[in-house]
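> Below you'll find the structure I mean.
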Amino acid sequence: MLARALGKESAAPAPVAEEMPDPIDPAAQRCGFVAIVGKPNVGKSTLLNALVGQKVSITSRKAQTTRHRITGMRTLGPTQFVFVDTPGFQTRHGNALNRALNKTVMGAVSDVDLILFVVEAGSFNQADAKVLSLLPANVPVVLLANKFDLVHRRADLAPWLRSMQERHPFAEFVPMSAKTVKDIQRLFTICEKYLPLQPWMHDPDALTDRSERFMASEMVREKLFRLTGDELPYTSTVVIDKFEEEGALKRIAATIVVEREGHKGMVIGEGGEKLKRIGTEARQELEKLWDCKVFLELWVKVRSGWADDDARVRSFGYE
Ligand SMILES: Nc1nc2c(ncn2[C@@H]2O[C@H](COP(=O)(O)OP(=O)(O)OP(=O)(O)O)[C@@H](O)[C@H]2O)c(=O)[nH]1
Ligand SMILES: [Mg+2]
């Protein structure tokens, strides 16, 4: 399990520094699961990272960035928050990959203490409605109206919030921005009361339940999303072929799998320039995350139709 490293930058508030903090009596501990759900691209993973205080889930301006259930933990005072990031719920293209993504979302919301239903402030369309209709009735749902910083006429939000009240018995309404530290601090206070009094499940320094191998493949996928054109990301994935540790060095070999021969050229770029940049940026990100040296080797392979093939989708690590 990846743990919190000291001295790393943090978007969310750090616990009050004490030389020898008093241990929290297990009887006073609070711990529970908070699922983050919504249609693609509303800012779920940006929110998770801000809450955890470190990047554990990849983000991009393109939809369908997250493809897995990703747990991120944060322990503040007596409370351990276990946040669960989910893929954006897919309402189009019923291919094997999208079916797997939706299965992941449904699995993640079934057994949590609180759901943060994320929408873009002032907007609600059929894709949002679809997600809302699938949420379990017995779990409190907070309407999190994200990207509030992009709302120019804030007075317009009042009628929108009233219309949202009629859609679902939301426990609370939170207009905010995942990129604003104060909003993130406020969100901890809002979520805390929904978590049961029970001993912590994780070490207070734990960051995520995801392995280093997984983080490596995700960082490569993020750079692929960020550095290539619009068409490519949805039909590509990343597989780790080798992950070895030699003292303070991690040696990783990964393959970017694309659907078509033409896509291969887009990933490699002229003179290998694009692939080199994807590798460099992913390596730098991993070195920062793990505070060690990383040697990263990237390959590109074509597997036509993988995203339509249930067995292949599973073999690439999707549900
Ligand atoms: N202006 C603004 N942009 C935001 C905010 N939160 C997220 N974003 C941006 O929205 C885009 C999508 O963010 P992600 O966190 O990847 O969204 P997501 O919901 O996890 O997307 P999927 O994993 O594809 O479902 C990125 O470009 C973020 O920088 C916010 O509060 N304000
Ligand atoms: Mg995401």
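The values are calculated or read from the model by the stated rules, or taken from the named source; none is laboratory data. Since this is a predicted model, take the numbers as computed values, not measurements. Neighbour counts run over all protein chains shown; Cβ positions are idealised from the backbone, glycine included. With ligands, DNA and RNA removed, areas are computed over all heavy atoms of the protein, side chains included. Shrake-Rupley method; radii C 1.70, N 1.55, O 1.52, S 1.80 Å.
> Restricting attention to the stretch 209-222, does a residue exist that is at pLDDT 95 or above, β-branched (Val, Ile, Thr), assigned to a helix (DSSP H, G or I) and closer than 25 Å to residue 103 by Cα?
Within the stretch 209-222 (the criterion being at pLDDT 95 or above, β-branched (Val, Ile, Thr), assigned to a helix (DSSP H, G or I) and closer than 25 Å to residue 103 by Cα), the answer is yes, since at least one residue qualifies.
> I need a count of the residues in the stretch 270-304 that are small (Gly, Ala, Ser) and either open to solvent by 30 Å² or more (accessible area, probe 1.4 Å) or more than 28 Å from residue 98 (Cα to Cα) (or both).
3
> I want to confirm something. Restricting to the stretch 74-91 and keeping residues that are more than 30 Å from residue 235 (Cα to Cα) and of a type in the set (A, V, I, L, M, F, W, C), which single residue is nearest to the chain's Cα centre (by Cα)?
Step by step, filter the stretch 74-91, then rank; the result is 82.
> Something else about it: Return only the number of the condition from (1) out of contact with any Ser or Thr (no Cβ under 8 Å at 6 or more places or on another chain); (2) closer than 21 Å to residue 182 by Cα; (3) surrounded by 21 or more Cβ atoms within 10 Å (Cβ to Cβ) that residue 152 does not satisfy.
Only one criterion is unmet by residue 152, namely (3).
> Every residue in the stretch 108-165 that is closer than 17 Å to residue 47 by Cβ and polar (S, T, N, Q), please.
Selection gives 123, 146.
> Yes or no: residue 96 away from ligand 2 (no atom under 16 Å from the Cβ), touching a helix residue (DSSP H, G or I) at 6+ places or on another chain (Cβ under 6 Å) and at negative phi?
Answer is yes for this residue.
> Another question, if that's okay. Considering the stretch 54-76 alone, what residues qualify as being more than 8 Å from ligand 1 (Cβ to nearest atom), at pLDDT below 95 and over 20 Å from residue 313 (Cα atoms)?
Within the stretch 54-76, 54, 55, 56 qualify.
> Please specify each residue of the stretch 186-209 satisfying the condition of being within 15 Å of the chain's Cα centre (by Cα) and open to solvent by 60 Å² or more (accessible area, probe 1.4 Å).
The one that is within 15 Å of the chain's Cα centre (by Cα) and open to solvent by 60 Å² or more (accessible area, probe 1.4 Å): 209.
> Still on this structure: Kindly list, by first and then second residue, each pair from a residue in the stretch 99-123 that is over 25 Å from residue 154 (Cα atoms) to a residue that is basic (Lys, Arg) and open to solvent by less than 10 Å² (accessible area, probe 1.4 Å), limited to pairs with Cβ atoms under 7 Å and residues at least 6 apart or on different chains.
Close Cβ pairs (under 7 Å, with a partner that is basic (Lys, Arg) and open to solvent by less than 10 Å² (accessible area, probe 1.4 Å)) amount to 101/67.
> In the stretch 67-97, which residues are open to solvent by 10 Å² or more (accessible area, probe 1.4 Å) and polar (S, T, N, Q)?
Of everything in the stretch 67-97, those that are open to solvent by 10 Å² or more (accessible area, probe 1.4 Å) and polar (S, T, N, Q) turn out to be 75, 90, 91, 95.
> Okay, moving on. Name the one entry in 265, 229 that is open to solvent by 40 Å² or more (accessible area, probe 1.4 Å) and part of a helix (DSSP H, G or I).
The conditions single out 265.
> Just one of the numbered conditions (1) near ligand 2 (Cβ under 10 Å from one of its atoms); (2) farther than 21 Å from residue 143 by Cβ; (3) surrounded by fewer than 21 Cβ atoms within 10 Å (Cβ to Cβ) is not true of residue 63; which one?
Every listed condition holds for residue 63 apart from (2).
> Of the conditions (1) within 11 Å of ligand 2 (Cβ to nearest atom); (2) touching a helix residue (DSSP H, G or I) at 6+ places or on another chain (Cβ under 8 Å), residue 35 clears all except one; give me its number.
Of the numbered conditions (1) within 11 Å of ligand 2 (Cβ to nearest atom); (2) touching a helix residue (DSSP H, G or I) at 6+ places or on another chain (Cβ under 8 Å), the odd one out for residue 35 is (1).
> Determine which single condition residue 54 fails, assuming it passes every other condition in (1) open to solvent by 10 Å² or more (accessible area, probe 1.4 Å); (2) within 16 Å of ligand 2 (Cβ to nearest atom); (3) touching a Pro at 6+ places or on another chain (Cβ under 8 Å); (4) under 27 Å from residue 185 (Cβ atoms).
In the conditions (1) open to solvent by 10 Å² or more (accessible area, probe 1.4 Å); (2) within 16 Å of ligand 2 (Cβ to nearest atom); (3) touching a Pro at 6+ places or on another chain (Cβ under 8 Å); (4) under 27 Å from residue 185 (Cβ atoms), residue 54 misses (3) alone.
> Condition test on residue 137, is it open to solvent by less than 30 Å² (accessible area, probe 1.4 Å), free of Cβ contacts under 8 Å to residues at least 60 places away in the same chain and more than 18 Å from the chain's Cα centre (by Cα)?
no
> Scan the stretch 69-85 and tell me whether some residue there is within 14 Å of ligand 2 (Cβ to nearest atom), closer than 30 Å to residue 162 by Cβ and not hydrophobic (A, V, I, L, M, F, W, C).
Yes, some residue in the stretch 69-85 is within 14 Å of ligand 2 (Cβ to nearest atom), closer than 30 Å to residue 162 by Cβ and not hydrophobic (A, V, I, L, M, F, W, C).
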